[in-house]
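Input: a single structure, listed below in structure tokens.
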Amino acid sequence: MLTCYSFVASMLGPMLIFLRDDLHLNYTLGGLHLTTLAVGMIISGLTVDKVAGWLGRKRVMWSGALGIPAGIFAIITGRTVWVTMPGFFIVGL
């Protein structure tokens with residue numbers, strides 16, 4: 001799971017070059033995509049212990065394992081910033 005997440009997190013930076021070209025984004029919006037990814041990671045880091053206590057570690061791991069492909073799907077299929085930015089946020093969670 002950690003290997004998959006590390007691969008996806010490191011893949012998003014280089015992928016942003018092509019996303020900026022396809023969606024005609026400026027540098028500010030491109031950087032904001034990575035900021036939403038970082039915000040998702042921070043929120044996840046701050047809350048995962050409480051969520052794991054409530055739901056259990058197994059459910060939290062499976063929701064993370066299903067959330068990463070959902071976020072990548074939103075990034076790949078999104079045609080607007082309003083779809084791709086939440087995709088980056090979901091991957092960060």
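The values are calculated or read from the model by the stated rules, or taken from the named source; none is laboratory data. It should be emphasised that the depicted structure is a prediction, and the values quoted were computed from it without experimental measurement. In this analysis, Cβ positions are derived from the backbone assuming ideal geometry, glycine residues included, and neighbour counts consider all displayed protein chains. Remember, those area values only see protein heavy atoms, side chains included, never the ligands or the DNA or RNA. Shrake-Rupley method; radii C 1.70, N 1.55, O 1.52, S 1.80 Å.
Worth pointing out:
- Number of the exception - residue 60 against (1) under 15 Å from the mean Cα position of the chain (by Cα); (2) modelled with pLDDT of 90 or more: (1)
- If you check 93, 66, 55 for being open to solvent by 60 Å² or more (accessible area, probe 1.4 Å) and touching a Ser or Thr at 6+ places or on another chain (Cβ under 7 Å), only one passes: 93.
- Among the residues of segment 29-51, some residue qualifies, meaning at least one is within 19 Å of residue 67 (Cβ to Cβ), open to solvent by 80 Å² or more (accessible area, probe 1.4 Å) and of a type in the set (A, V, I, L, M).
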